[in-house]
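Asker: A single structure is presented below for examination.
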Amino acid sequence: MTTAPLLEVHALNAYYGRAKILFDIDLRVHAGEVVALMGRNGAGKSTTMKTIMGMVRHRSGSVVFRKQDVSRLLPHEIARLGLGFVPEERRIFGELTVMENLAVGTQPSRPGVAAWTPEDLFRLFPNLGQMPNRPGAHMSGGEQQMLTVARTLMGNPYLVMLDEPSEGVAPVIVEQMVQMIRQLKQQGLCVLLSEQNIHFANLVSDRAYVLERGQVRFSGAMRELFADKQVRNQYLSL
């Protein structure tokens, strides 16, 4: 692609204490793309996202978001620039209602992206629309996952990183997540998706990066990865 990437990561390294977890990660996400970050448990997918978001302190390399170097910024500063992150752990406020959780995530509108409202999100996630006053702690895991995504979208991001959205939720919720990601793409939102389920990723993704032991082992079109049985067996099979 000839246009500048919305997100560009170059030579990204990350450490937990003395242990090196990421080794010179390069990746790019362009406008209008859904990009999958694939790999087995422990491959470095979540660490990559957390490092991009500024949540891993001991790191090196560059992270450029919307042509601005954010490598040294704090997580809340990066979020204010329009980079959304949905962690695997969900981290909703259990004592707050659905509406109150959404209010916590609200940020001002941004030029060039849709300004999300609770009504928009209830159309995207009908389940949430049926329980606006329910505390987060009284929701199922799948409903909490939806709420976490919805709360992030209330920040009106240019790009959202989803960490394992299909992990541990019912098949009906997985299908809703597929439809949600497709709708977000139709509205022009970019998505970086961390995922183990190649069938899920293949339904929504344009391109993929495959990680193993903190290194990129494959980079290419999602259809190429899905068709390459050797790469899938080597780096994705359990």
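Asker: Could you tell me which residue of region 72-98 is nearest to S60 (Cα to Cα), considering only residues that are in contact with a helix residue (DSSP H, G or I) (Cβ under 6 Å, 6 or more places away or on another chain) and small (G, A, S)?
Answerer: Across region 72-98, the extreme among qualifying residues is G84.
Asker: Considering only residues that are of a type in the set (V, I, T) and touching a residue at least 24 places away in the same chain (Cβ under 8 Å), which ones fall in region 100-141?
Answerer: Matches in region 100-141: V104, T106, V113.
Asker: Same structure again: Only one of N101, N41 is closer than 29 Å to R182 by Cβ, more than 14 Å from the chain's Cα centre (by Cα), modelled with pLDDT under 95 and not hydrophobic (A, V, I, L, M, F, W, C). Can you tell me which?
Answerer: N41
Asker: Considering (1) charged (D, E, K, R); (2) touching a helix residue (DSSP H, G or I) at 6+ places or on another chain (Cβ under 9 Å); (3) at pLDDT 95 or above, say which one D120 fails and leave the rest.
Answerer: (3)
Asker: Do the conditions hold for K50, that is, is it touching a strand residue (DSSP E or B) at 6+ places or on another chain (Cβ under 7 Å), at pLDDT 95 or above and among the basic types (K, R)?
Answerer: Working: touching a strand residue (DSSP E or B) at 6+ places or on another chain (Cβ under 7 Å): no; at pLDDT 95 or above: yes; among the basic types (K, R): yes.
Answer is no for this residue.
Asker: So, in region 1-41, exactly how many residues are in a loop (DSSP other than H, G, I, E, B), small (G, A, S) and touching a residue at least 60 places away in the same chain (Cβ under 8 Å)?
Answerer: The number of residues fulfilling the criteria is 4.
Asker: Report, by residue number, each residue of region 38-63 that is under 27 Å from E224 (Cα atoms), among the hydrophobic types (A, V, I, L, M, F, W, C) and surrounded by fewer than 19 Cβ atoms within 10 Å (Cβ to Cβ).
Answerer: None - no residue of region 38-63 is under 27 Å from E224 (Cα atoms), among the hydrophobic types (A, V, I, L, M, F, W, C) and surrounded by fewer than 19 Cβ atoms within 10 Å (Cβ to Cβ), so the list stays empty.
Asker: Search region 10-29 for residues being surrounded by fewer than 16 Cβ atoms within 10 Å (Cβ to Cβ) and either closer than 19 Å to D69 by Cα or hydroxyl-bearing (S, T, Y) (or both), and hand back the single one that is modelled with the lowest pLDDT.
Answerer: Per the criteria, the residue is Y16.
Asker: Mind listing whichever residues of region 101-152 are within 25 Å of M53 (Cβ to Cβ) and either touching a strand residue (DSSP E or B) at 6+ places or on another chain (Cβ under 6 Å) or of a type in the set (D, E) (or both)?
Answerer: D120, E143, T148, V149, T152
The values are calculated or read from the model by the stated rules, or taken from the named source; none is laboratory data. Just so we're clear, the structure is a prediction, and the values are computed from it rather than from any experiment. We place every Cβ from the backbone using ideal geometry, glycine too, and count neighbours over all the protein chains shown.
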